[in-house]
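Here the structure is laid out as C-alpha cells; the discussion comes afterwards.
The values are calculated or read from the model by the stated rules, or taken from the named source; none is laboratory data. This one's a predicted model, so the numbers in the text were calculated from it and none came from an experiment. With ideal geometry, Cβ positions are generated from the backbone for all residues, glycine too; neighbour counts draw on all protein chains shown. The protein model used for the area step is the full one, side chains on, heavy atoms only, and it has no ligands, DNA or RNA in it. Shrake-Rupley method; radii C 1.70, N 1.55, O 1.52, S 1.80 Å.
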Amino acid sequence: MLGGYESDRADPRVAMRILIIEDEPDLLNSLAMALRDEGYAVDTAANGEDGLFNAETIAYDAILLDVMLPKLDGWSVLQRLRKTRKTPVLMLTARDTSVDRVRGLDTGADDYLVKPFDLAELLARLRALIRRTSGQATTQIRSGAVILDTAARTVSHNGSPVDLTAREYVLLEFLMVHQGEVVTRTMLYEHLFDEDDSTLSNLLDVHVSNLRKKLGHEFITTRRGHGYCIERSAKTT
Ligand code: CA
C-alpha cells in the first residue's frame with residue numbers, strides 16, 4: 001500500500017539543503033541540477049542581496065558562494081552572514097591568489113574552489129565540508145544495533161542489511177546525524193524538502209512509522225509536541 005512512495009525522489013544520497021549564490025545563469029542552473037541529482041535540496045540566488053537574505057533566513061547545511069556578484073559581493077555576503085550564522089561556506093573564486101585565500105579565511109570561509117572547477121571535485125569538497133562541520137569523523141554513524149554508512153548509503157540492523165526507500169534513508173540519516181537531540185518537524189521540513197517540494201511534507205509520520213517497522217519501534221522516540229529523537233548510542237557497543 002505504500003509502494004508509491006519509492007519513486008518520489010530517485011536517489012537522495014544525502015539529507016541536506018544547500019544554497020547556491022551565483023550570478024552566471026548557466027553555471028547556476030547546471031550546479032543546481034547536479035546537486036539535485038545527488039539528492040540535495042537546493043535553493044538558488046542570483047545576486048548577493050537575495051543570497052544573504054536566504055542564508056540568514058534558512059538554516060542551510062552548506063552554501064556555495066561566488067565571489068564576484070551583483071549588488072553585494074561574496075566577501076560582503078560572507079562577512080555579514082558570519083555575524084549571525086556559522087553555516088559552512090564553500091567559496092567559488094575566479095582567482096587563485098594567496099591574497100584571496102587569506103581574505104576568505106579571515107572572513108570565515110570554510111573552503112575554496114577556483115573556477116573553472118571539476119564538478120566531481122566540487123561534490124567531494126561539499127561532502128567533506130558537511131561531514132566535517134557536522135562533527136562526523138567517519139562515514140559510519142552508529143546508534144545501538146543500527147549502522148548507517150553515509151558514503152555507501154547503506155543501513156544495517158544487527159549486522160543485516162536493511163532495505164529502505166529513498167525517503168526513509170534521508171530521514172534516518174538526518175535523525176542519526178542529530179542523535180541525542182530532539183529533531184523537530186520544522187527542522188525536517190527545512191532540511192529535507194526544498195521550496196518546490198511540498199508534496200511529501202505531510203507524509204513524515206508515514207515514513208517514521210515505516211522506519212520503526214524496519215528498525216524496531218523503540219528506535220525512534222516521539223517527543224510529543226516537539227518532534228522525534230534517536231537516543232545517543234552507548235559507547236560500549
Ligand atoms: Ca560571478
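A few comments on the model shown:
- With θ taken as phi - 60° and the Karplus curve 6.51 cos²θ - 1.76 cosθ + 1.60 applied, the whole-hertz 3J(HN,Hα) list for the range 152-163 is 7, 6, 10, 10, 10, 10, 6, x, 9, x, 10, 8 Hz, x standing for glycine and proline.
- Backbone HN-Hα couplings from phi across the range 70-82 [Karplus 6.51/-1.76/1.60, Hz, Gly and Pro as x]: x, 6, 8, 6, x, 4, 5, 4, 4, 4, 6, 4, 5
- Summed over the residues of the range 140-229 and divided among them, the accessible surface reaches 46 Å² per residue at a probe radius of 1.4 Å.
- Leading residue at positive end of dipole, the range 17-133 (Cβ point charges), from LEU69, ALA94, ALA124: ALA124
- Separation in nanometres of the label points that stand 7 Å from Cα toward Cβ, at GLN140 and ASP111: 2.3 nm
- Percent of Cα pairs exceeding the 24 Å cut-off, where the set is the range 140-229: 15 percent
- Amide H contacts of TYR112: MET91, each under 5 Å away and 5 or more positions distant or on a separate chain (H built 1.01 Å from N in the peptide plane; Pro and chain starts excluded).
- Only protein atoms count toward the accessible area here, which uses a 1.4 Å probe; on the range 140-229, the carbon and sulfur part of that area reaches 49 percent.
- Distant-in-sequence amide contacts of SER143, defined by a placed amide H-H separation under 5 Å and a gap of 5 or more residues or a different chain, comprise LEU148.
- Take the Cα of HIS217, step 7 Å toward its Cβ, do the same at ASP149, and the gap between the two points is 3.2 nm.
- In this simple spin-label model, placing a label point 7 Å from the Cα along the Cα-to-Cβ direction at both GLU190 and LYS71 gives a separation of 2.2 nm.
- Heavy-atom surface analysis with a 1.4 Å probe gives the range 17-133 a carbon and sulfur content of 51 percent of its accessible area.
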